[in-house]
């Protein structure tokens, strides 16, 4: 077999064992039966497998690579905090970088080379994804990957941690409906990002369940940033019949909505109720404090780090897809319509 095709998965299949078992053999773990170890090692030698420990007498460098789509966002710091705390406890350092691919949702081709050069032990991807070629290259290097809040549809073989985005969108919209609002608009994120679609779908489900028609122009596409919230709120205010409430699919989008409303002389929540999503640190300090859906970012990061550490130790995961709850946090940016 060609060396380029000798992946962990193929060796595991041919040896009749799991991928974590092959990883244990590569890492010199003692908890593998002698006959199994011999069978796996024979295949590794036969195929000329060059995993992450090849040529490294001391193994990896004790590093986890954390790749984020945007280093400047408030939620990025909560993710970093969650990863660093658990990585540090396990004796690993964290290398933080931003995705620099064409669409900023995928690391560029140089990233794999840099990853290998610094002898990284594992990878955490946030709001990002990998090409099929990059997946294959990481498998060749024996570097495990866990995805946080996938930018694309997570593949079954790549573990991921997300949040109940649909339920969060539903809860945000039901809260506004419960306050008597019927003209409720939504400002989503990029339409091709699954978490954004799920939040908007939750909004649609709540409106449909309440028997409310969604007027033309009430569903807006932003990019989770304040400028897009500002732009789309102005577009909503320019409608012949503007909404009385806005569900912004990120807190940053909500802050952009705040700015647009302030400039137009509209008060929150007296003239417009606003709900965000994320509950980043600044949400409670906004004026007025923002009602928002809490995305447990630090907990998501911690869970993903624990999963990655388990994979790095050659352990099996109880579940490869985990979603954490997204409760509504009611503050002072919403009020009954009237």
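Annotations for the structure displayed:
- Of all residues assigned to region 59-68, none qualifies as being modelled with pLDDT of 75 or more, in contact with a helix residue (DSSP H, G or I) (Cβ under 8 Å, 6 or more places away or on another chain) and assigned to a helix (DSSP H, G or I).
- Check on residue 274, at pLDDT 95 or above, assigned to a loop (DSSP other than H, G, I, E, B) and surrounded by 18 or more Cβ atoms within 10 Å (Cβ to Cβ): no
- The residues listed here are 283, 266, 257; of these, the one that is part of a loop (DSSP other than H, G, I, E, B) and either assigned by TED's automatic domain parsing to the domain that holds residue 226 or over 16 Å from residue 149 (Cα atoms) (or both) is 266.
- Number of the condition not met by residue 218 [criteria: (1) under 27 Å from the mean Cα position of the chain (by Cα); (2) closer than 23 Å to residue 74 by Cβ]: (2)
- Considering residues of region 84-126 that are within 15 Å of residue 148 (Cα to Cα) and surrounded by fewer than 18 Cβ atoms within 10 Å (Cβ to Cβ) only, the residue modelled with the highest pLDDT: 96
- Among the residues here, residue 281 qualifies as out of contact with any strand residue (DSSP E or B) (no Cβ under 6 Å at 6 or more places or on another chain), in contact (Cβ under 8 Å) with a residue 60 or more places away in the chain and either at positive phi or surrounded by fewer than 24 Cβ atoms within 10 Å (Cβ to Cβ) (or both).
The values are calculated or read from the model by the stated rules, or taken from the named source; none is laboratory data. Computed from a predicted structure; not experimentally measured. A quick note on method: Cβ atoms are made from the backbone with ideal geometry, for glycine too, and the neighbour counts reach across all protein chains shown.
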